[in-house]
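Here, each number is a calculation from the coordinates, and none is a lab measurement. The structure displayed is predicted, hence computed values, not measured ones. Glycine also receives a Cβ, built like all others from the backbone with ideal geometry; neighbour counts cover every protein chain displayed.
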Amino acid sequence: MKYQFTIIKKIIILIMIIGVIFIFLDKLEKNNLFIGLYVPIFYFTSISLGSLLFLGIQNVSKSGWSIIIYPVMEKITSFLPYGFFMIFIILLLNSMGFIHMFHWMDYNLYDINSNKYDNIIANKKLFLNIPFFLIRSVVYTLGCIFFYSKIKKLSCKLDKTSSLSDYKKLYSISVIFIIFFSFISTFIAWDWIMSLNPHWFSTLFGWYVLSSYLVTGIGLITIISIYLNKTGIFPLFRKDHLHDLSKYLFSSSLLWTYFWFSQFLLYWYGNVPEEIYYFLKREEIYNSIHFWILIPNFIIPFFGLIKSKNKSNPIIVGTVSFVLLIGHYINTYYLIVPEIYQERKINFGISDLGSLLLVGGIFIYVLFYNLFFNNKKLKHHVGNPFFKESKKYKYPYM
């Protein structure tokens, strides 16, 4: 395992070096650098969030089939502390005035005697003020890290004790986490993305972003499970498990499409200037990208996974998962970047590619370090009362 990790580590370090070179090949401006980094940091953190959410859902629903893939979910979630830390550093630099991504952080916008005074932003001061914004961000960060650590700790303890009381504790903490996350997921979307343009708002936006967490989290869980199975590390993962995992992947992509369509339909029908500006700006800058992203995020997964036999085909499911990960990175990019550069057109450039390679390299390093180096082999949750059911799981219609 350590030898395999050594080879992977060299490749990852090379990717990160290429990323740094790409960043500095472009015109290096303070704002451009951090904006380029913010998009992939948020994206990879959202994958970890999605994985933790999916793990919590499986615990709460007491699903038997999924116990086998619990270790994979936990390893993907291991990036969460690093991702939240990097996001918080960027938010802190914004609040201190070193970079200017969040327009509303300009104090002149709240001064009625200033030429920059903005009545709309001033009316949101109770919510959009730096101290409260940072406090909320700390709550998101520490809360999610706490639940991740607690769930992981209880899972490890359960493996050793096989105690029913420990299982009940794991169930209870997962329930509390789902309740906590149902609140903070909306606020994360509002604070870290929607507040980039404080003139625009959407009541569906939090759910829209939440559905993206789930799609990307499940997509990477699927890819890693298939990869580990092919390398012989994950022999208990069979086509029966893949079939159920594919159903979640299929349904979560439909959920994202539902929120996409609901938001677009309401805006188009209402035709409110403050709302349709969101779509008009992206149509002008990126040639209707909000329609084009339906291809990787809805059309390909819909037709790729709608047949039952396709759901148990590792090549098809792996390809669809990879396409979804690309599609949702594009979605994250177009959610964030146009709101920061409100007055000029910004296309995906070499510095953005460099930032993606750098942050992606860090994410993959953390993931594979936990997969290969921390343990001699991937440990299964044998203490879970549903482990035997998961081990012998057979999809009834295959």
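Structure summary
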read-out: Sequence-separation-based contact order of the chain, relative, with Cα cut under 8 Å and 6+ spacing, percent; value: 34 percent
read-out: Part-to-part distance (alpha-carbon centres) for region 117-147 and region 266-336, which is given in Å; value: 29 Å
read-out: Pairwise label distance in nanometres, Ile89 with Ile306, each label 7 Å out on the Cα-Cβ vector; value: 4.6 nm
read-out: Order of Trp200, Trp260 - criterion: other Cβ atoms within 10 Å of each residue's Cβ, fewest first; value: Trp200, Trp260
read-out: For region 176-193 and region 54-101, distance of Cα centres in Å; value: 12 Å
read-out: Exposed GluC sites (Glu not before Pro) absent - longest run of the chain, DSSP non-H/G/I/E/B, at most 14 other C-beta within 10 Å; value: 30-342
read-out: Region 295-330: trypsin sites (Lys or Arg not before Pro) in DSSP coil with no more than 15 other Cβ atoms inside 10 Å; value: Lys307
read-out: Computed over region 18-96: relative contact order in percent, which uses C-alpha pairs under 8 Å that are six or more apart; value: 39 percent
read-out: Burial order of peptide ranges 176-188, 8-20, 314-326, 160-172 (average beta-carbon count within 10 Å, highest first); value: 314-326, 176-188, 8-20, 160-172
read-out: Over region 189-254, relative contact order from alpha-carbon pairs under 8 Å, at least 6 apart, %; value: 32 percent
read-out: 20 Å Cα-Cα threshold exceeded, pairs from Lys10/Lys153; Lys230/Lys379; Lys152/Lys230; value: Lys10/Lys153; Lys152/Lys230
read-out: Anisotropy class of region 153-223 from Cα gyration tensor, a/c 1.5 cut; value: prolate
read-out: Charged-residue dipole, Cβ positions (Lys, Arg, Asp, Glu), the chain about Cα centre, Debye nearest 20; value: 2200 debye
read-out: Helix runs (DSSP H) in the chain reaching 20 Å along axis by Cα, Kyte-Doolittle at least 1.6; value: 2-25, 80-95, 350-368
read-out: Listed residue (Ser155, Asn123, Ser137) projecting farthest to the positive dipole end of region 106-160, Cβ model; value: Ser155
